[in-house]
Amino acid sequence: MKHFIISGILLAGTLASCGGADGTEDVENTDEVKDSIVYTPLQTDQIEKFADLQILQYDIPGFYQLTLDQKKLVYYLYEAGLSGRDMIWDQNYRHNLEIRNALEHIAANYSGDTSDANWEKFMTYTNRVWFSNGIHHHYSMDKFVPDFSREYFDGLLSETGAELNSEVVDRMFDNTADMKRVSLDGSKDLILGSATNFYGENVTEEDVNNFYAERMEAAGDHPVEFGLNSRLVKDEDGTVREEIWKADGMYSEAITEVVKWLKLAQGVAENDEQGKALGLLVEYYETGDLEKWSQFNITWSQATEGDIDYIQGFVEVYGDPVGMRGSYESIIQITDFDASERMAVLAENVQYFEDNSSIMDEHKKEKVVGVSYKVVNVAGEAGDATPSTPIGVNLPNSNWIRAEHGSKSVSLGNIVMAYSNAGGEGILREFANDEDEIERTIKYGEIGSKMHTAMHEVIGHASGQINEGVGTPKETLKNYSSTLEEARADLVALYFLLDEKLVELGLIETTDVGRTEYDDYIRNGMMVQMRRLEPGADIEEAHMRNRQLVASWAFERGQEENVIERIERDGKSYYEIHDYDKLRVIFGELLREIQRIKSEGDYEAGKNLVENYGVKVDTELHQQVLDRSSALNIAPYNGFVNPILTPVMDEDGNITDILLSQPESFKAQMLYYSENYGFLSH
Ligand code: ZN
């Protein structure tokens with residue numbers, strides 16, 4: 001499974017099993033990304049925008065802390081990933097590579113007027129094709145037809161000497177054919193209705209069912225992921241068969257390169273398990289044997305030591321209308337050392353937080369154990385994982401392997417951070433009440449947000465116990481259990497963010513970090529997060545419900561003493577916190593009550609809290625938030641360029657170091673990739 005965001009809208013399920021205190025629940029949650037505003041590097045002029053898209057950069061924190069062998073491992077995996085890049089283009093649509101070749105030839109050789117409106121339209125189209133790894137929108141799956149004319153395009157082709165079969169050009173401009181890459185319209189044959197290249201001409205759903213029915217039947221309890229690594233085609237005589245993606249099969253030229261780099265990676269593996277997994281992956285690519293893929297996944301799931309990890313292969317099946325065939329992708333990951341350090345310090349002191357919590361003594365755990373949570377930093381992505389990238393991944397996908405051998409769930413820390421940065425200072429300046437708040441947020445916003453997340457995960461979900469004889473929260477609190485669990489974890493974090501203990505532990509310099517996070521939390525819970533909602537909609541998502549619940553309950557509770565004030569100025573609303581210590585007490589009270597609800601399984605009280613504070617939005621304020629946000633002109637879809645890894649060699653050709661840099665532009669990176677990794681297109 002993968003999880004990603006559109007303009008701050010979280011799209012799919014969980015990443016970390018943001019779970020319950022006692023291991024009795026398996027709360028399926030969305031991740032912890034919020035509309036919180038964190039401000040660092042990217043200047044607005046560094047963000048490239050076109051159509052509904054914008055391109056961001058990410059850093060690789062921790063890269064220079066790696067040993068030389070670890071850097072080599074990252075580099076080899078990164079090269080392996082890119083070597084397979086052309087596969088995703090071909091998988092997405094049968095003409096994508098030819099079209100890309102022509103567009104790139106024109107983009108590189110055009111010598112006419114670049115301020116010409118038609119040329120701008122051409123480059124927008126080309127950028128969109130690069131962004132989607134093909135001519136269908138990466139998210140809506142709809143084909144985008146050029147805004148410039150067929151005549152203009154034919155002119156560009158002949159001017160630059162680019163070649164493209166005229167039938168393919170017809171397809172590009174045709175408003176009726178191959179319109180949807182993946183169709184989920186069940187009233188028609190899903191495969192015939194989809195333009196994906198996972199199936200050959202005339203293959204139908206029925207063909208697929210017939211082809212796999214017996215194999216699946218015979219597979220028993222431990223089936224392979226049938227169809228994952230092949231294209232299914234129908235010969236003229238009606239025979240249906242698989243074209244397998246392997247070293248001596250379909251995509252041979254690309255896979256051979258992938259294998260070459262994976263072998264080098266295996267040679268510098270950090271430990272035996274990791275090396276064994278890489279070896280199995282190589283065998284799988286060489287043979288195309290899906291049993292090897294299962295064995296690889298088992299070994300990979302258990303290879304948890306080491307600082308480097310990776311996703312590599314035909315993995316997710318969202319690109320197949322019948323959900324069998326895997327899109328090629330690669331993600332290289334490095335442990336987030338800072339986040340791990342923060343989590344370790346919190347985990348060592350978890351008993352302090354339990355003992356000093358505002359919850360009733362009878363609900364405290366005598367011996368509390370911190371929840372472990374994995375944050376990694378991405379060091380390179382390829383295939384389906386880029387330019388549009390997930391923010392978290394939970395693999396393997398095979399259910400029986402997950403159940404019997406475990407799975408890995410990671411949050412992609414530097415990507416999450418880059419997304420937060422994408423809003424830039426714009427959102428902060430629009431919604432913060434005064435200059436002090438803005439300045440302090442610029443200074444402490446990032447660490448405040450990271451501390452909140454770490455505390456939420458490690459001590460928040462770990463805290464508290466359920467009374468004897470009371471069922472699990474899922475049983476007692478039912479559909480409100482997720483929201484209440486998230487609120488409880490947030491409140492533990494908020495309550496302790498103003499505790500001097502954090503300074504004493506060396507986690508933060510000053511409790512101003514906590515005050516910054518309070519500002520952010522109230523601003524977000526009362527206003528900013530509503531920019532994710534359609535007009536007239538209720539809040540459905542558990543984290544969003546919890547944030548509004550906590551913020552609006554605290555606002556109401558503190559009204560008499562003016563703890564938080566709502567200010568109206570020039571037709572705009574702002575929230576200003578006047579008494580942070582009092583707000584901490586209020587957060588403590590709500591924490592105590594929500595813990596009581598969970599410990600006693602008090603459904604009615606839980607339901608009232610969520611329904612009264614977390615679900616309905618103030619429609620006037622919501623409209624105001626939408627208007628103020630849209631004026632900021634933030635593109636709905638974000639994608640990324642990858643940092644460049646450059647090896648430094650000595651005279652004998654041995655790698656002595658690897659250096660990082662950022663590409664000059666999105667266009668430069670895309671042209672470079674096609675030039676150097678175009679194994680199926682040249
Ligand atoms: Zn959580």
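Descriptive notes on the structure:
- Some residue of the range 185-201 being within 28 Å of the chain's Cα centre (by Cα), loosely packed, with under 13 Cβ neighbours inside 10 Å and in contact (Cβ under 8 Å) with a residue 40 or more places away in the chain: no
- Hey, A303 free of Cβ contacts under 8 Å to residues at least 24 places away in the same chain, among the hydrophobic types (A, V, I, L, M, F, W, C) and closer than 30 Å to H461 by Cβ or not: no
- Matching residues, the range 209-233, being touching a strand residue (DSSP E or B) at 6+ places or on another chain (Cβ under 9 Å) and more than 23 Å from I401 (Cβ to Cβ): N210, F211, R231, L232, V233
- Failed criterion for G112 (all others in (1) within 20 Å of the chain's Cα centre (by Cα); (2) more than 19 Å from T389 (Cβ to Cβ) hold): (1)
- Subset of the range 67-95 [crowded, with 24+ Cβ neighbours inside 10 Å and either outside any helix (DSSP H, G or I) or small (G, A, S) (or both)]: A80, G81, S83, G84
- Output for the range 551-608, where each listed residue is open to solvent by 80 Å² or more (accessible area, probe 1.4 Å) and either touching a Leu at 6+ places or on another chain (Cβ under 6 Å) or over 17 Å from V492 (Cα atoms) (or both): E556, R557, Q559, E560, E561, R566, E568, R569, D570, H578, E600, E604
- Test result for E305, surrounded by fewer than 16 Cβ atoms within 10 Å (Cβ to Cβ) and over 19 Å from V224 (Cα atoms): yes
- Residue count for the range 458-500 satisfying the condition of being open to solvent by 10 Å² or more (accessible area, probe 1.4 Å) and within 11 Å of the ligand (Cβ to nearest atom): 1.
- Every listed requirement among (1) open to solvent by less than 50 Å² (accessible area, probe 1.4 Å); (2) over 24 Å from the mean Cα position of the chain (by Cα) is met by F314 save one, (2).
- Any hit, the range 537-547, residues being surrounded by fewer than 24 Cβ atoms within 10 Å (Cβ to Cβ), in contact with a strand residue (DSSP E or B) (Cβ under 7 Å, 6 or more places away or on another chain), in contact (Cβ under 8 Å) with a residue 24 or more places away in the chain and in a helix (DSSP H, G or I): no
- Residue in the range 133-146 that is touching a Gly at 6+ places or on another chain (Cβ under 7 Å) and either among the polar types (S, T, N, Q) or free of Cβ contacts under 8 Å to residues at least 12 places away in the same chain (or both) present: no
- In the range 352-374, the residues that are open to solvent by 20 Å² or more (accessible area, probe 1.4 Å) and either among the hydrophobic types (A, V, I, L, M, F, W, C) or within 32 Å of the chain's Cα centre (by Cα) (or both): M360, V369, G370, V371, S372, Y373, K374
- The range 507-536, residues that are buried (at least 23 other Cβ atoms within 10 Å of the Cβ), small (G, A, S) and either within 16 Å of the ligand (Cβ to nearest atom) or in a loop (DSSP other than H, G, I, E, B) (or both): G525
- Contact annotation: residue pairs with Cβ atoms under 7 Å, 6 or more positions apart or on different chains, pairing a residue in the range 205-232 that is at positive phi with a partner that is of a type in the set (A, V, I, L, M) and open to solvent by less than 30 Å² (accessible area, probe 1.4 Å), are G227/M324.
- Boolean, Y613 is within 32 Å of the chain's Cα centre (by Cα), closer than 16 Å to R545 by Cβ, open to solvent by less than 60 Å² (accessible area, probe 1.4 Å) and of a type in the set (F, W, Y): yes
- Hits in the range 494-519 (condition: among the basic types (K, R) and closer than 16 Å to D436 by Cα): R515
- For the range 325-338, the criterion of being aliphatic (A, V, I, L, M) and surrounded by fewer than 21 Cβ atoms within 10 Å (Cβ to Cβ) is met by no residue.
- Any hit, the range 96-119, residues being touching a Phe, Trp or Tyr at 6+ places or on another chain (Cβ under 9 Å), open to solvent by 70 Å² or more (accessible area, probe 1.4 Å) and farther than 27 Å from G639 by Cβ: yes
The values are calculated or read from the model by the stated rules, or taken from the named source; none is laboratory data. Since the model is a prediction, treat every value here as computed from it, not as a measurement. In this analysis, Cβ positions are derived from the backbone assuming ideal geometry, glycine residues included, and neighbour counts consider all displayed protein chains. Ligands, DNA and RNA are stripped out before the accessible areas are found, and what is left, the full protein with its side chains, is counted by its heavy atoms. Shrake-Rupley method; radii C 1.70, N 1.55, O 1.52, S 1.80 Å.
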